[in-house]
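One structure is given here, and the rest of the page talks about it.
The values are calculated or read from the model by the stated rules, or taken from the named source; none is laboratory data. Nothing here was measured: the structure is a model prediction, and the numbers come from that model. Here the Cβ positions follow ideal geometry from the backbone for every residue, glycine too, while neighbour counts run over all protein chains shown.
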Amino acid sequence: MHKPKTLHEQQPQFKIELVGWMVRICHSLELTQTQRQRIETCYHAVGNWLAEGTHYLLKGAAIYPQGSIRLRTTVKPIGQDEFDVDLIIHLPKAYQGISRKVVLQVIKDRLNEHETYKQLLKELKRGFRINYAGDYHLDITPAIDYHTHPPYGHPVLVPDRDEEWKSSNPKGMANIFEEASKRQPRYTAVFRETFDSITMSQVESLPDENKLKTPLQQITQLAKRNRDVWAMSDQGKRLAEYKPISVLLTTLLMHSYTFCTQEKFSYNSELDFLLNVIEKMPSFITSGADGYHVDNPTVQGENFAEKWNKPSSGQRYAEAFFTWHRDLLSNLNRLAEVYGEDEFQKQLKTLFGERPVNDAANAIRLNVSQQRVNRNIRVGSGGLLLAGGAGLSTAAHATVRPNNFWGRHP
């Protein structure tokens, strides 16, 4: 019997089940609804406190989230319990040419007027951190207007370590990420037939946070989580200091996802689509006489690969990305070679860490127990126990077709 060497060669049933595990893993990395509400309450309170300050630079100040908290691609850090919450404090009264030191001092002085904030405050190179021990910390970056007119978002200038200010557009990035997320991959009739043949009607509901997630958001979560696990592994710790930053991974995945969802492509499974998106990531890195570029497509002058071009350490940043990318694909494809539940979970832990895989396994066991009661269980390819709630049908929720989650079908 031919033994698959890559996940592309695996049996359709195995592919569906593996995507189900990945959905579960994503859920274990999420902010809970309670955590999200608490974070929103806290950062709105900080924004209001700053906006109520008497200094003219604070008049009309508005705070808003950026990065993973805005894109809903948060990944719980390894080895600690705190989520990073990145925020922008926009100062509409600041003028171009104002010193960043002046802006930072005004914000610092105002935060120090608050009895709680001053106890939790830490200075960062580009702003400030309010550290709520145990759950999350707020990283606040000041921003002033940048008078240009891109088609998306709100361009701003933020403090920079090497220059006074640099251009950015967090709202623009969020807008185009959301637009890309609306695109759906196209699947072949083969996939639909396979799915219909192995999916059962008894399927448990997925928690609310994941019902609303798009494939792009979840692929981004998986890549970021793997990056963090890789940086602590024997494979990656040599380059951990240079690991690819989240915004670079997010941008490359967004471009690759957009490319892979073109009408001319169709896929035999959701896993094949996920793999193609990851495989194509390096295609959207450009290089030339001025070095590597992964540009913010919504504003001129922001290069997410700028560290790759540093004279002293730049090559290590590039090496870290390409090594991580190679190891991710290699470790994913090793899943095609394992047999049995123990080896399967061990390899998943190599990719995504112990806790989220254990959480996923526990959730699946609960559903398997219910399916056993209903006599709706069997052993699939790779020696995995298959039940209605263990695979992608869980993500699709009940009897809803999978195209409501990971794409569209003929």
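Assorted remarks:
- When segment 324-341 is filtered for residues that are part of a helix (DSSP H, G or I), in contact with a helix residue (DSSP H, G or I) (Cβ under 9 Å, 6 or more places away or on another chain) and surrounded by fewer than 19 Cβ atoms within 10 Å (Cβ to Cβ), the ones remaining, listed by number, are 327, 329, 333, 334, 337, 341.
- Residue in segment 74-86 that is in a loop (DSSP other than H, G, I, E, B), among the basic types (Lys, Arg), free of Cβ contacts under 8 Å to residues at least 60 places away in the same chain and in contact with a Gly (Cβ under 7 Å, 6 or more places away or on another chain) present: no
- Meets criteria (among the polar types (S, T, N, Q), closer than 22 Å to residue 156 by Cβ and modelled with pLDDT under 95) for residue 28: no
- Yes/no for residue 263 being assigned by TED's automatic domain parsing to the domain that holds residue 245, over 20 Å from residue 235 (Cα atoms) and loosely packed, with under 15 Cβ neighbours inside 10 Å: yes
- So residue 78, is it over 23 Å from residue 111 (Cα atoms) and either modelled with pLDDT of 90 or more or surrounded by fewer than 15 Cβ atoms within 10 Å (Cβ to Cβ) (or both): yes
- Filter result for residue 111 (farther than 24 Å from residue 295 by Cβ and assigned to a helix (DSSP H, G or I)): yes
Residue by residue, here is whether (1) surrounded by 20 or more Cβ atoms within 10 Å (Cβ to Cβ); (2) at pLDDT 65 or above holds:
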| site | (1), (2) |
| --- | --- |
| 146 | yes, yes |
| 161 | no, yes |
| 165 | yes, yes |
| 173 | yes, yes |
| 180 | no, yes |
| 204 | no, no |
| 209 | no, no |
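- Yes/no for residue 54 being among the β-branched types (Val, Ile, Thr) and in a helix (DSSP H, G or I): no
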